[in-house]
Amino acid sequence: MQLLKKRILQDGRCFEGGILKVDSFINHQMDPGLMKSIAVEFVRKFGASNVNKIMTIEASGIAPAIMTGYLMDLPVVFAKKKSPKTIQNPLSTVVHSFTKDRDYEVVISADFLTPDDNVLFIDDFLAYGNAALGILDLMKQSGAHLVGMGFIIEKEFQNGRKRLEEKGVRVESLAIIEDLSHCRIKIKD
């Protein structure tokens with residue numbers, strides 16, 4: 001997706017330790033036009049599958065998930081990083097955050113993730129795959145079927161795709177970062 005790659009190179013910022021900041025257009029301040037283009041691409045990649053629900057994890061995956069859900073006319077559900085007192089029938093798992101370097105509980109109500117669901121998971125980044133593996137655990141607990149996982153940006157050098165594909169997951173990424181060494185952004189063609 002050339003528009004996304006151009007924005008990453010133009011507005012993305014790199015920090016030591018393999019960190020790519022895209023907070024000026026994806027996950028803090030958002031560019032709605034870019035989000036719509038991202039959603040159109042996810043629809044192109046997954047529209048022919050039997051998806052009946054879009055899922056993400058808060059907070060950065062919500063915007064692309066809701067845009068994709070809107071275009072596919074499907075409900076969108078997100079796993080929460082804190083369990084509210086009002087949640088009923090909770091399913092939970094623990095995920096390690098690479099960015100924040102801590103573990104946190106991820107929770108979703110079994111009322112919104114059921115064995116009848118064919119789920120497309122959408123998120124902003126695929127790095128080590130920790131959040132995605134947590135989602136797989138929630139899917140297993142709920143009995144829902146995962147159709148595939150779509151990521152706006154994949155950091156290829158952190159091997160998240162490999163971990164997911166070893167579990168039989170279909171992974172589609174819109175921009176793949178090959179390397180961030182010396183704080184230079186290298187995107188796969």
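If I compute solvent accessible area with a 1.4 Å probe over the protein chains, what percent of it on the chain is carbon and sulfur? List each step's numbers first, then the result.
Details: 4730 of 9600 Å².
Exposed carbon and sulfur together represent 49 percent of the surface.
How large is ³J(HN,Hα) for each residue in region 102-108, as worked out from phi by the Karplus curve 6.51 cos²θ - 1.76 cosθ + 1.60 (θ = phi - 60°), to whole Hz, x for Gly and Pro?
7, 8, 8, 7, 10, 9, 8
Count the DSSP beta bridges whose two residues both fall in the chain, then state the antiparallel fraction as a percent rounded to the nearest 5. Don't skip to the answer; put the middle values down first.
Working: 14 of 35 bridges.
So the antiparallel bridges amount to about 40 percent of the total.
So which trypsin sites (Lys or Arg not before Pro) in region 1-105 end up in coil per DSSP with only 11 or fewer other C-beta atoms within 10 Å? Working shown, then result.
Details: sites: K5, K6, R7, R13, K21, K36, R44, K45, K53, K80, K81, K82, K85, K100, R102; in loops: K81, K82, K85, K100.
Those satisfying the criteria are K82, K85, K100.
Give, as a single signed number, the net charge of other residues whose beta carbon lies under 15 Å from the beta carbon of G143, with Lys and Arg counted +1 and Asp and Glu -1. Present the calculation step by step, with values, prior to reporting the outcome.
Values: positive: K53, K140; negative: D111, D116, D117, D137.
Taking every other residue near G143 into account, the sum is -2.
Can you pull out the chymotrypsin sites (Phe, Trp or Tyr not before Pro) in region 1-66 whose DSSP state is coil and whose Cβ has at most 13 other Cβ atoms within 10 Å? It would help to have the intermediate numbers written out before the result.
Numbers: sites: F15, F25, F42, F46; in loops: F25.
Passing both the DSSP loop test and the Cβ count: no residue.
Please build a GNM for the chain, connecting alpha carbons under 10 Å apart, and tell me which residue among A132, A110, A65 fluctuates the most.
Of A132, A110, A65, the most mobile in the Gaussian network model is A110.
Cut-off 10 angstrom, C-alpha nodes, Gaussian network model of the chain. Which of T68, T93, T56 fluctuates the most?
Evaluated over the chain, the most mobile residue of the options is T93.
Give me the net charge for the shell around I122: Cβ to Cβ below 12 angstrom, other residues only, Lys and Arg +1, Asp and Glu -1.
It works out to a net charge of -2.
With a sphere of radius 11 Å drawn around the Cβ of A79, what net charge do the other residues whose Cβ falls strictly inside it have (Lys, Arg +1; Asp, Glu -1)?
Numbers: positive: K80, K81, K82; negative: E58, E105, D123, D137.
Once positives and negatives cancel, what remains is -1.
Can you list the residues, at least 5 places off or on another chain, whose amide H is less than 5 Å from the amide H of K53, using H built in the peptide plane?
N118, L120
What accessible area per residue comes out for the chain, rounded to a whole number of Å², with a 1.4 Å probe? Don't jump to the answer; show the numbers that get you there.
On the way: 9600 Å² over 189 residues.
Value for the chain: 51 Å² per residue.
Kindly write out, for region 47-59 in residue order, the coupling ³J(HN,Hα) from the Karplus curve 6.51 cos²θ - 1.76 cosθ + 1.60 (θ = phi - 60°), rounded to whole Hz, with x marking Gly and Pro.
Rounded to whole hertz, the list is x, 7, 7, 8, 5, 10, 7, 9, 10, 8, 10, 5, 10.
Take the chain, connect every pair of alpha-carbon atoms lying under 10 Å apart with a spring to form a Gaussian network, then pick out the residue of A39, A144, A79 with the largest mean-square fluctuation.
The residue with the greatest mean-square fluctuation here is A144.
For region 115-189, what number results from the quotient of the Cα radius of gyration and 2.2 N^0.38 Å?
Working: Rg = 13.2 Å, N = 75, 2.2 N^0.38 = 11.3 Å.
Its radius of gyration relative to the 2.2 N^0.38 Å reference: 1.17.
Please state the shape class of region 1-88: rounded when a/c is under 1.5, otherwise prolate if a/b exceeds b/c and oblate if not, all from the C-alpha gyration tensor. It would help to have the intermediate numbers written out before the result.
Working: a/c = 2.40, a/b = 1.22, b/c = 1.96.
Judged from the Cα gyration tensor, region 1-88 comes out oblate (a/c at least 1.5, b/c at or above a/b).
Restricting things to Cα coordinates, could you compute the convex hull volume per residue of the chain in Å³?
On the way: hull volume 21.0 nm³, N = 189.
Each residue corresponds to 111 Å³ of Cα convex hull volume.
What stretch of the chain, leaving out the sites themselves, is the longest with no GluC sites (Glu not before Pro) in a DSSP loop having at most 11 other Cβ atoms within 10 Å?
On the way: sites that count: E16, E166.
In short, 17-165.
From the Cα gyration tensor of region 83-128, with a ≥ b ≥ c the square roots of its eigenvalues, which class applies: rounded if a/c is under 1.5, or else prolate if a/b is larger than b/c, or else oblate? Present the calculation step by step, with values, prior to reporting the outcome.
Values: a/c = 2.98, a/b = 1.35, b/c = 2.21.
Judged from the Cα gyration tensor, region 83-128 comes out oblate (a/c at least 1.5, b/c at or above a/b).
The values are calculated or read from the model by the stated rules, or taken from the named source; none is laboratory data. Keep in mind the model is a prediction, meaning the values are calculated, not measured. So basically every Cβ, Gly included, is an ideal-geometry build from the backbone, and we count neighbours across all protein chains shown. Surface accessibility is based on the protein's heavy atoms, side chains included, excluding ligands, DNA and RNA. Shrake-Rupley method; radii C 1.70, N 1.55, O 1.52, S 1.80 Å.
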